[in-house]
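**Student:** Would you mind keeping the following structure in view while I ask a few things?
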Ligand SMILES: [Zn+2]
């Protein structure tokens with residue numbers, strides 16, 4: 001960016017601190033935590049006039065009841081699945097899709113301030129969602145307001161998608177938008193995630209469940225039955241080998257430096273976990289069944305059908321070796337995501353980030369999954385995920401979630417730099 005403009009931008013962002021925190025406060029005060037996610041309509045209705053003021057055309061799009069029933073609804077959810085799509089045609093040749101989610105996780109316990117209000121302490125704002133991901137929405141609104149008043153047109157046509165149920169899945173508002181073909185744009189900027197690095201790769205997720213079958217009988221004569229918990233123990237110890245084999249692989253995508261510091265890992269890897277175990281009826285009954293559950297996170301280089309096949313084959317071998325009766329049920333979640341690091345869009349995003357934050361941020365992969373991966377699998381857009389919260393101390397999803405005011409402001413600068 002030319003020097004004069006950079007100066008105006010920097011000053012203008014400083015002047016807008018109150019506006020920025022005002023937007024954030026309005027967003028945080030609408031409790032869009034999920035479950036139940038009952039206030040999406042309220043937050044979308046609040047946002048529409050703001051976007052309209054900046055020259056956008058807006059549409060509130062509720063997920064239709066039949067789609068919701070079939071793909072997302074459960075007993076814990078309430079209210080309309082209201083999403084926002086805001087578009088501005090600037091007559092540019094290229095278009096950018098800007099996305100993040102409007103839902104947050106529930107407050108949980110241990111807060112030192114009311115979670116659904118913004119509280120400023122020292123150089124930070126506290127409140128549920130300020131880091132993940134309402135802070136980036138507030139920064140976007142501030143960036144658009146600044147561009148509007150300075151008469152700085154976006155060099156891209158803009159589509160902004162702010163959607164529901166990312167934190168709970170499996171079928172978020174963004175997935176619905178993707179299936180409906182609403183996510184137009186040559187490139188995608190995902191404002192979800194943290195600001196440790198610019199994420200160009202994520203793992204895919206496969207949730208799984210193994211039902212181990214036994215035979216109940218009186219516990220005083222266990223030889224008359226089959227103890228499903230003991231059989232599950234055998235399965236678990238055999239699964240150790242699967243875990244070792246899977247976790248030896250690694251992606252070509254590097255992981256962030258903090259992760260390298262903690263784990264010694266240089267690249268993202270697949271993950272295999274047993275995370276739940278359920279079984280048994282009573283102390284004196286030999287358990288008739290036991291269920292193991294877990295997740296298998298797979299790198300972009302792995303194919304989900306191979307992942308399932310590998311798992312099925314391993315279980316088949318365990319079944320044969322030990323004569324255990326079991327059944328596998330697996331349920332794919334978000335797919336993996338990968339954008340080549342030398343893509344022009346990635347380079348542009350990285351340059352804009354580095355200029356705004358005054359430090360070079362690395363291109364990284366993360367081992368978690370994002371719903372935007374589902375979207376770009378359909379749209380084929382090159383995508384970068386870069387959020388506003390600090391990976392180290394933002395405490396997203398925890399008590400006292402917070403964001404540095406400096407990071408919010410630098411995020412505004414990043415957006416303006418990228419778009420103008
Ligand atoms: Zn998020």
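Nothing in this text is a laboratory measurement; each read-out follows from the coordinates by a stated rule. On a predicted model such as this, the values are computed, not experimentally measured, just so you know. Reconstructed Cβ throughout: ideal geometry from the backbone, glycine too, with neighbour counts over all protein chains shown.
**Student:** So what is Rg over Rh here for the stretch 238-285, counting just Cα atoms and using Kirkwood for Rh?
**Tutor:** That ratio is 1.25, to two decimals.
**Student:** While we're looking at this one, here's another question. How many angstrom lie between the Cα centre of the stretch 41-67 and the Cα centre of the stretch 149-182?
**Tutor:** 11 Å
**Student:** Can you give me the P(r) profile for the stretch 122-199? Cα pairs, bins 5 angstrom wide beginning at 0, each as a whole percent.
**Tutor:** Spelled out per bin, shortest first, that is 3, 11, 17, 22, 22, 14, 8, 2, 0.
**Student:** Still on this model: Considering every Cα-Cα pair within the stretch 178-237, what fraction, in whole percent, is farther apart than 14 Å?
**Tutor:** Across the stretch 178-237, Cα pairs with separations above 14 Å total 75 percent.
**Student:** Could you give the C-alpha radius of gyration of the stretch 179-308 expressed as a fraction of 2.2 N^0.38 Å, taking N as the number of residues it contains?
**Tutor:** So the stretch 179-308 has a normalised radius of gyration of 1.49.
**Student:** In percent, how large is the relative contact order of the chain, given Cα pairs closer than 8 Å and 6 or more residues apart?
**Tutor:** Dividing the mean separation by the residue count of the chain yields 23 percent.
**Student:** Where the Cα atoms of the chain are projected onto their three principal axes, how long is each span, largest first, in whole Å?
**Tutor:** Dimensions of the chain along the principal axes of its Cα atoms: 83, 43, 42 Å.
**Student:** Taking just the C-alpha trace of the stretch 337-399, give me its Rg and Dmax in Å.
**Tutor:** Answer for the stretch 337-399, Rg first and Dmax second: 13.2, 38 Å.
**Student:** To continue, here is another question. Give me the one-decimal nm value for the distance between modelled label points at residue 8 and residue 303, 7 Å along each residue's Cα-to-Cβ direction.
**Tutor:** Here the answer is 5.3 nm between the modelled labels.
**Student:** Within a 10 angstrom radius of the beta carbon, how do 411, 126 rank from fewest other beta carbons to most?
**Tutor:** Ascending number of Cβ neighbours within 10 Å: 126, 411.
**Student:** Would you mind ranking 298, 334 so that the residue whose beta carbon has the fewest other beta carbons within 10 Å leads the list?
**Tutor:** 334, 298
**Student:** What ranking do 372-379, 217-224, 135-142 get when scored by the average of other Cβ atoms within 10 Å per residue, highest first?
**Tutor:** 135-142, 372-379, 217-224
**Student:** While we're looking at this one, here's another question. Given C-alpha coordinates of the stretch 257-360, what is the ratio Rg to Rh with the Kirkwood estimate of Rh?
**Tutor:** With Rh from the inverse mean 1/r over Cα pairs, Rg/Rh is 1.17.
**Student:** Once you've got the GNM for the chain with C-alpha springs shorter than 10 Å, pick whichever of 404, 42, 296 has the biggest mean-square fluctuation.
**Tutor:** Greatest mean-square fluctuation among the candidates belongs to 42.
**Student:** Need one number for the stretch 273-312: average projected area of the convex hull over its C-alpha atoms, nm².
**Tutor:** It is 3.7 nm².
**Student:** Using Cα-Cα distances under 8 Å and only pairs 6 or more residues apart, what relative contact order does the stretch 58-126 have, in percent?
**Tutor:** Averaging sequence separation for qualifying contacts and normalising by length gives 26 percent for the stretch 58-126.
**Student:** Now for a separate question. Using the Cα atoms as the points, what is the convex hull volume per residue of the stretch 58-206 in Å³?
**Tutor:** Enclosed volume per residue, from the Cα hull, is 167 Å³.
**Student:** Report the Cα-based extents of the stretch 83-153 along its three principal axes, largest first, to the nearest Å.
**Tutor:** The principal-axis extents, from largest down, are 49, 27, 14 Å.
**Student:** Can you tell me the alpha carbon radius of gyration of the stretch 2-58 divided by the globular rule-of-thumb value 2.2 N^0.38 Å?
**Tutor:** 1.51
**Student:** State, to one decimal in nm², a quarter of the convex hull surface area for the C-alpha atoms of the stretch 32-141, i.e. the direction-averaged projected area.
**Tutor:** With the hull built on Cα positions only, its mean projection is 9.1 nm².
**Student:** Evaluate E = 1/(1 + (r/R0)^6) for residue 89 and residue 277, where r is the Cβ-Cβ distance and R0 equals 45 Å; express this FRET efficiency to the nearest 0.05.
**Tutor:** According to the calculation, E is roughly 0.25.
**Student:** Restricted to Cα positions, what overall size does the stretch 290-420 have along the principal axes? Three whole-Å values, descending.
**Tutor:** 63, 37, 22
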